[in-house]
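Reviewing the structure listed below.
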């Protein structure tokens with residue numbers, strides 16, 4: 001049973017909310033001020049917290065700040081009076097999940113609860129996967145090009161500036177995006193990725209902005225989109241150059257207003273994701289050809305990062321080989337293998353059209369097929385490009 005904490009100095013609000021939520025089979029606990037509420041949030045693990053803004057002793061904003069600063073992961077829904085809407089919106093920047101206005105509306109309350117509990121479920125999944133993601137997001141290399149990118153990541157990570165990552169397929173654009181998120185102050189929240197090229201144009205808007213139940217034939221229930229999931233975290237728009245013009249216009253509006261509207265809905269929802277986009281296309285040429293909006297390009301291209309091809313950083317190949325061989329051997333449960341200097345020299349002379357991804361795949365092939373350590377003869381035998 002999900003546990004919910006209500007922090008509000010008004011007895012009637014506490015009673016009303018408690019009655020609504022207990023009818024929906026939630027376990028509800030109440031607190032009459034911010035001090036009592038924060039102490040309970042710190043001592044017990046709540047799935048969700050409601051918190052009023054105007055309270056004696058410490059107000060809701062200070063309570064929220066303490067919850068966020070002390071890494072209490074329960075999502076917080078703020079409750080605001082008619083005159084507090086601007087303040088309530090400000091709480092979203094501090095870390096609140098959402099806010100609702102007084103007088104309380106039953107449907108609004110239950111919708112907020114469902115959305116918040118869905119969000120915390122995603123956060124828990126994100127925490128479980130975080131170690132795996134972190135290991136996958138390592139950027140390996142000591143070449144000047146890679147050092148320059150790592151320095152740039154450090155500089156931009158803690159800003160909220162939008163980043164546009166360019167480079168050929170297989171260069172590691174998603175690794176750069178992951179590193180920016182991991183080094184940022186948003187790293188306790190979700191890193192949400194969407195591949196714009198992999199989703200049909202008729203579904204991309206639903207994926208990005210969500211949809212309401214019944215908004216189209218297969219919309220059997222409400223869906224939270226990527227923009228909402230990534231609020232206060234990072235949204236990675238991979239292959240942005242393949243997004244339809246219709247979706248581009250709506251993304252532009254979301255970036256301008258920090259608000260989205262779900263497909264089939266009419267309510268504007270405040271969102272606060274940090275946007276990182278990536279593409280293997282030349283967006284300036286796409287603009288000339290009428291395939292990409294110039295105004296969206298300028299919105300995204302605040303911090304440009306170009307990831308070099310493997311052919312432009314061949315001095316990193318020895319380090320990459322050792323890194324991938326160790327990792328692949330562990331993944332396959334095989335004994336650790338080494339690679340000879342002659343084999344590495346041969347790999348350094350190849351033309352890498354698939355970049356780092358191609359190198360990893362070839363090393364996996366060599367690990368599986370070679371009898372012992374990888375030597376020059378294995379390269380000649382199992383890598384047709386060098387025969």
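The figures follow:
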read-out	value
Residue 254 being part of a strand (DSSP E or B) and in the same structural domain as residue 158 (by TED's automatic domain parsing)	no
Count of segment 299-324 residues which are in a loop (DSSP other than H, G, I, E, B) and within 21 Å of residue 343 (Cβ to Cβ)	1
Candidates 374, 314, 344, 325 - the one that is over 27 Å from residue 176 (Cα atoms) and either in contact with a helix residue (DSSP H, G or I) (Cβ under 9 Å, 6 or more places away or on another chain) or touching a residue at least 12 places away in the same chain (Cβ under 8 Å) (or both)	374
Scope segment 10-30; condition under 21 Å from residue 103 (Cβ atoms) and in contact with a helix residue (DSSP H, G or I) (Cβ under 8 Å, 6 or more places away or on another chain); matching residues	17, 20, 21, 24, 26, 28, 30
Condition check for residue 263: closer than 29 Å to residue 224 by Cα and either assigned by TED's automatic domain parsing to the domain that holds residue 192 or buried (at least 16 other Cβ atoms within 10 Å of the Cβ) (or both)	yes
Single residue of segment 328-341 satisfying the filter (in contact with a helix residue (DSSP H, G or I) (Cβ under 9 Å, 6 or more places away or on another chain) and in a helix (DSSP H, G or I)) that is surrounded by the most Cβ atoms within 10 Å (Cβ to Cβ)	328
Members of segment 16-38 found to be without any contact (Cβ under 8 Å) to a residue 40 or more places away in the chain and outside any helix (DSSP H, G or I), listed by number	25, 27, 28, 29, 30, 31, 32, 33
Test: residue in segment 273-291 that is assigned to a strand (DSSP E or B), in contact with a strand residue (DSSP E or B) (Cβ under 6 Å, 6 or more places away or on another chain), in contact (Cβ under 8 Å) with a residue 24 or more places away in the chain and over 23 Å from residue 166 (Cβ atoms)	no
Output for segment 344-361, where each listed residue is at negative phi and within 30 Å of the chain's Cα centre (by Cα)	352, 353, 354, 356, 357, 358, 359, 360, 361
Extreme residue, nearest to residue 273 (Cα to Cα), among residues of segment 188-212 that are surrounded by fewer than 17 Cβ atoms within 10 Å (Cβ to Cβ) and either free of Cβ contacts under 8 Å to residues at least 12 places away in the same chain or not assigned by TED's automatic domain parsing to the domain that holds residue 279 (or both)	203
Residues of segment 16-30 classified as modelled with pLDDT under 95 and closer than 17 Å to residue 55 by Cα, total	1
Subset of segment 255-266 (residues that are out of contact with any helix residue (DSSP H, G or I) (no Cβ under 7 Å at 6 or more places or on another chain) and either closer than 21 Å to residue 165 by Cα or modelled with pLDDT of 95 or more (or both))	256
Which listed residue, of 65, 102, is in contact with a helix residue (DSSP H, G or I) (Cβ under 8 Å, 6 or more places away or on another chain), at pLDDT 90 or above and surrounded by fewer than 17 Cβ atoms within 10 Å (Cβ to Cβ)	65
Segment 187-228, residues that are more than 19 Å from residue 269 (Cβ to Cβ) and outside any loop (DSSP other than H, G, I, E, B)	191, 193, 195, 201, 202, 203
Residue list for segment 163-187, restricted to those being closer than 19 Å to residue 229 by Cβ, surrounded by fewer than 19 Cβ atoms within 10 Å (Cβ to Cβ) and in contact (Cβ under 8 Å) with a residue 60 or more places away in the chain	174
Residue that is touching a helix residue (DSSP H, G or I) at 6+ places or on another chain (Cβ under 7 Å) and under 27 Å from residue 89 (Cβ atoms), where the choices are 199, 269	269
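Listed here are the residues, each with its yes/no results for (1) within 23 Å of residue 156 (Cα to Cα); (2) modelled with pLDDT under 95; (3) not assigned by TED's automatic domain parsing to the domain that holds residue 183.
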| position | (1), (2), (3) |
| --- | --- |
| 214 | no, yes, no |
| 225 | no, yes, no |
| 234 | yes, no, no |
| 250 | no, yes, no |
| 268 | no, yes, no |
| 278 | yes, no, no |
| 283 | yes, no, no |
| 286 | no, no, no |
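The values are calculated or read from the model by the stated rules, or taken from the named source; none is laboratory data. Computed from a predicted structure; not experimentally measured. Neighbour counts run over all protein chains shown; Cβ positions are idealised from the backbone, glycine included.
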